[in-house]
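The numbers here are math on the coordinates, done by the rules we state, and not lab data. Here the structure is a predicted model, which means the values were calculated and not measured. Because the Cβ atoms are built from the backbone with ideal geometry, glycine has one as well, and the counts that use them run over all protein chains shown.
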Amino acid sequence: MTTQIIPPNQWVPFLDQFSLAHHGEKIQVRVIGASEQQTSQVLPLEKISDALATTGQEKIEITAGTDGSRPSKYDVNQPIDVRVRQRDEASGVIRIKAADGSATVLRFSSGK
């Protein structure tokens, strides 16, 4: 597996392209904080985006869920680092590190 660091000026196009390429595919989100850890169910990806343009705050939003259900949302406030590690084009991990030291890890795999 190779790890690619996504420069901040490429977050918007990278996340937009990722959302288009993996919309509806299964993801699992894991939030790792200083003293806590939270893992989501495996859900289909709706969208991952840099919300600066819409909210005025530097934050990356991850939305997952199924049609007809309330979506699960994960916000990464003040992101400082985005990396993607792909096993192949259909599966891998996106790791988003926040200024507070927490990390949000999104595992993805094709197989809607």
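A few points about this structure:
- Estimated dipole of the chain in Debye, rounded to 20 [Cβ of Lys and Arg +1, of Asp and Glu -1, Cα centre]: 300
- Among Val82, Val29, Val12, residue whose mean-square fluctuation peaks in a GNM of the chain (springs only between Cα atoms under 10 Å): Val12
- One chain, two ends: Glu25 and Leu52. Fully extended at 0.36 nm per residue, the span grows by 7.2 nm beyond their Cα-Cα distance.
- Potential lengthening between Ser109 and Arg83 on full extension [0.36 nm per residue; Cα-Cα distance subtracted]: 7.7 nm
- Most fluctuating residue given options Glu89, Glu61, Glu25, as computed from a GNM of the chain linking Cα atoms under 10 Å: Glu89
- From the coordinates shown, semi-axes √(5λ) of the Cα gyration tensor in Å corresponds to which of [x] 19, 16, 15; [y] 28, 17, 11; [z] 36, 21, 13: [x]
- If R0 is taken as 30 Å, the Cβ-Cβ distance between Gln10 and Arg70 corresponds to a FRET efficiency of 0.45.
- For the chain, built as a Gaussian network whose Cα springs stay under 10 Å, the top-fluctuating residue of Gly92, Gly65, Gly101: Gly101
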